[in-house]
Every structure is written in C-alpha cells, then in structure tokens.
Amino acid sequence: MDEEFAKLIRRVNQPRVVIDNNACENATVIKVDSVNKHGILLEVVQVLTDMNLTITKAYISSDGGWFMDVFNVVDNYGNKIRDKEVIGYIQSRIETSAGFVSSRRGSVGVMPSEEHTSIELAGTDRPGLLSEVCAVLADLRCNVVNAEIWTHNARAAAVVHVTDDSTGCAINDPERLSTIRELLCNVLKGSDDLKTAKTMLSAPGVMHRERRLHQIMFADGDYERVERAGVWAVEEGSSRPQVTLLNIEKDYTVITMRSKDRPKLLFDIVCTLTDMQYVVFHGMVNAGRIEAYQEFYIRHVDGHPISSEAERVRVIQCLEAAIERRGSEGLELELCTEDRLGLLSDITRIFRENSLYIKKALISTKGGKANDTFYVTDVTGNPVDLKIIDSVRAQIGHTALQVKLNSSLAPKPPSQETTMGHFFGNLFKARTFQNFKVIGSYS
C-alpha cells in the first residue's frame, strides 16, 4: 500500500528541471526539483555525466521527502551549454530519469540492447592480461564492439560488448556462451589469483557500463589494501585522496573529500555511496582547476549515521577506491584505424611484446572505425621509455597510433587541513563544534 501511494505521489508531482544560462557568469545552472527516492541523485548525475558535462559546483538537499539540487555545468571546452536542442535533451532526460518509478531496486542505469552480448570480467591484474583476453575472443570469432577496462589495487575489471563475427548480432547460443565463459575464466586464473576469477555473460540486456564497473570492483573488494610486496601493490603517498568522517550527534555522518579534480568524479562517488546503501541528505561540490572538494551529510537507508569503527574504515576505503579507479595513470595512446576481427588482439599483443602494461582502456567502434584509448606504463608501473613507444608506433603505424598529452601529470594539489562545513556553516548554526564527534580519517 505504501509503495503504491509513493508511485502515485511521484506521478502527480513530476520532476521540474530549470536550465539557466544567466544565473552564473561562467557555467550553465541546472536546477532539479522532484519527489525524493533512493538513487535519484545518482540518476540525475548519471544523465549529466553521460552528456559529457563537467560539474563544477553542486548543492544537494533532499530532506523532508523532496529532492532539490543545483548543478553548475560546462561542456568539454569549459563553456556554457547554449545549444537549444542540447538543453531540451538534457531537460527531457533528467525529467524522464528522475520521474521513472522502478519496480526493481538497484536498477539504475539499465540499458537494454539486442545488438551485442555483454561480458563482465574480474580477476587479479597482471601485465598482458588484456592481450590474453582479446586473443581468446578473436579465436572464438567474437568481435569486440566496445569495452572498458579498469585496474586498481592489483585487481582488474572489464565490461566487454561483443558480437558474432558471422552475423554481427548478439551471441545467444548457450553452448557457445559456455565455451566463452570457460576459456575466459582460465585466462583470469592464469596467475596465482588471490580471489576467485569471475566471468559473467548476459544477452541481450546490460547495465550502464561504468556503473557496472564500479559494482564489479566493489564486489571484488578492490578497496582492500594489498599486503603483499611487488609492483602491483598499492602505493601510499600524499597524492591519495583525503577522506574524513565526522558525526553530528545522532543525526548525520559528514563526509569531506579532497582529491585531484577530474571528469566524472562526482558520478564515481555517488555510485559507491548508493551501492553501499547510503543516502545523501545535503551536499556540496566545488571543483577547482586542480583540487575538488566534496562534502556530504549522509545516513544509511535504515536512517542511522555511521556508528562503528569497522564501518567507518570500510566507507573511507571504498570512497578512496571510487576516486582512484578511474584515474588515468600512465601515458595516453590513441588508436584510430579501420576495424576488423582480431584488431584488438593484435594491438594488445604488440603492447605486451614491448613490455607495455595497460592500466586502463576504452574501446569503441563506429562506422567501421576503431577508436581506442589506452593508458600504459612499463611492467613495473613506471613511465614508459619513449624509444619503446616509437618502436610500437612503427609496428602499428604512426598515423594510426598517436601519443596524447597526459593530463594526469598535472601538479599535485597543495596539502590542506580538512575542515567541516565548508558551505554548510549556516545549515546547522544552532550546533557548535562541541556537538561533533570526530570519527577521523583513514589512509
């Protein structure tokens, strides 16, 4: 009865989206008012992220059953959004996403497709892993349409969309799917795996790719510290994100985060908080040229703030992992050439033979063209010798493989003390710092 009443309230009170180019001098302001529901913040942020909009500032409030958020956004070039068709599309997407009543919990970002089969992989990271995976797919006549591969904390995860090379459609034959799964599992177990390698196949429905990557790595425990020695151990240092938790009596847990700014940072953090079943009641985001500051007032979906030391440590570790997963570590290489079966297998084999370690990859094909981006280091995680890159380009083609400027080499943000209430000092003005219990930070 309560669920049906909630659906009625949402249908009567449709989301209201206002897009204003006059309210701010250097950004387009998007205001969203809607009936509140769990996951709505992620849905709105996901729409903005999928439109390749950069969120420079955000103000979040969802107390009292109503969701009222303000986002300052710019395009990839740092300009306001002025195209009327684009503005109309953004408005329509947000209103549709925020107003959708889902019967399945946690179905945010589900994107059905009849065109490809989705393969999800998780296992221990090692140099040459992607090359071995691509070789198996090429041998099985699976054409990689698009894919995204992340590595973090000695773990690797991938979402790969493939088609049958003979039909150009999704692979539905159960026996063939079973063979693909078995052979890929053997590849993932090829090293001394600390955990069980995972391979999942689905056809035809798949979830939002980046959302799934976060869920896969979270489920795989990539936030846990690697205790063993070796080149794949997590490097500790001042460049790590600063995450601090404080409790306001029994009302909220306040999370403050400082990290190097980058695209999609807010999306990555909200994904993790949603998957961990936390609700953001108030929040502020301020992204500068180098550093991003974020502050959220949260509770668990059961209505309680963080109460135990174990939970505190886990939340901090998971948020650090969310910030770090998408980090563009290494030299950026961009491949643009005619697509064909086995192209990715050949390219990654050349990388492996030249001792290049793929830290992250984004694979896409359109109109018979392959447009792929790789972030590479040497096998020890250090910068690549440019002579090796010249050799690789000579083998692949200097026109096809280009070296891109690596923005990840930007200067580190200055160290600052974490302070609570950066923008919310007046929100709880009746309280004093004597009311705060410091839970602390973990690194």
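If you count, for each residue, the other Cβ atoms within 10 Å and average over each peptide, how do 381-394, 268-281 line up from highest to lowest?
Working: 381-394: 13.7, 268-281: 21.6.
Ranking the peptides 381-394, 268-281 by packing returns 268-281, 381-394.
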Note down the accessible area of residue 333, probe 1.4 Å, to the nearest 10 Å².
0 Å²
Please report the accessible area of residue 66 (heavy atoms, 1.4 Å probe, ligands and nucleic acids excluded) in Å², nearest 10.
80 Å²
Along Cα→Cβ, 7 Å out, is where each label goes; now give me the distance between the ones at residue 115 and residue 341 in nm to one decimal.
2.0 nm
What accessible surface, in Å², does a 1.4 Å probe find on residue 184, ignoring ligands, DNA and RNA and rounding to the nearest 10?
0 Å²
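Pop the C-beta distance of residue 92 and residue 387 into the FRET formula with R0 = 35 Å and round what comes out to the nearest 0.05. Don't skip to the answer; put the middle values down first.
Numbers: r = 51 Å, r/R0 = 1.46.
That gives a FRET efficiency of 0.10.
Beta carbons within 10 angstrom, averaged per residue: use that to sort the peptides 307-315, 46-54, highest first. Walk me through the numbers on the way to the answer.
Values: 307-315: 14.6, 46-54: 19.7.
In descending order of packing, they fall as 46-54, 307-315.
Can you tally the net charge around residue 61? Count Lys and Arg as +1, Asp and Glu as -1, for every other residue whose Cβ sits under 11 Å from the Cβ of residue 61.
On the way: positive: none; negative: 33, 63, 69.
My count for the surroundings of residue 61 gives -3.
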Going through the cross-link list 31/264; 260/360; 80/359; 84/366; 198/404, which pairs have a Cα-Cα distance over 28 Å in this structure?
80/359; 198/404
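The values are calculated or read from the model by the stated rules, or taken from the named source; none is laboratory data. Note that the coordinates shown come from a computational prediction; the quantities given were computed from them, not determined experimentally. With ideal geometry, Cβ positions are generated from the backbone for all residues, glycine too; neighbour counts draw on all protein chains shown. Calculation scope for accessible area: heavy atoms of the full protein, side chains included, ligands and nucleic acids excluded. Shrake-Rupley method; radii C 1.70, N 1.55, O 1.52, S 1.80 Å.
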